[in-house]
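No value in this document is a laboratory result; all are computed from the given coordinates. Please read all numbers here as calculations on a predicted model, not as lab measurements.
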Amino acid sequence: MLMVLIGPACGGMGTRSKLLLDHFGIPHLSIGEMPRQSVCSASLLGKLAGPIMDSGDLAPDELVIEIVRKRMAQTDCVKRAVFDGFPRTLPQLAALDALLSEQRHSIDAVIEIRFPEREIAKRIENCYREFATPRTEDRPDAIPRRLEVCRSGTLPILTYYEGQSLLKVIDGIGSQEGVFEHGTEFNQQRET
């Protein structure tokens with residue numbers, strides 16, 4: 001199963017997908033965490049990404065695509081992965097389609113976890129307060145920019161996947177079982 005989870009920053013995609021990940025033993029590719037790890041490693045791409053992420057913008061497409069490409073080359077990701085927060089831009093979508101086409105695979109399911117914007121802003125602000133060393137991209141003054149980046153970037157992605165009849169939407173305020181229910185439903189459809 002190859003699945004895409006799309007939702008806002010601090011939307012709890014990893015938490016909400018844990019049941020599904022555990023059930024199927026699927027690798028979790030958290031695109032929110034992997035660029036941060038690159039920044040922490042002080043690699044050249046990480047040094048370029050740091051100031052951009054600090055302003056509330058997304059990590060550069062080149063960095064994110066390269067991270068995904070390297071991870072997808074590992075044996076545990078063959079035909080099995082949950083992309084958490086990827087793709088978020090049209091270049092990332094094109095790169096993912098090209099990568100999967102090379103591997104003769106395709107996305108099986110796309111789940112959008114939808115929240116009202118005021119709830120997203122509250123969650124980002126809570127993330128900033130909760131961490132002993134808060135992430136600079138969670139600063140209250142970066143919230144409006146993050147919301148705009150998320151909204152403008154993901155709308156074309158959602159439209160694309162909806163046109164392929166792959167998109168399911170679940171309420172982010174609802175239970176954590178929603179991702180699991182939709183994921184197992186998609187897996188059953190794929191096997192029949």
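Tabulated data for the structure shown
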quantity	calculated
Distant-in-sequence amide H partners of V78 (H built 1.01 Å from N, under 5 Å)	none
Segment T159-S106, extension gain: residue separation times 0.36 nm, minus the distance between their alpha carbons	17.4 nm
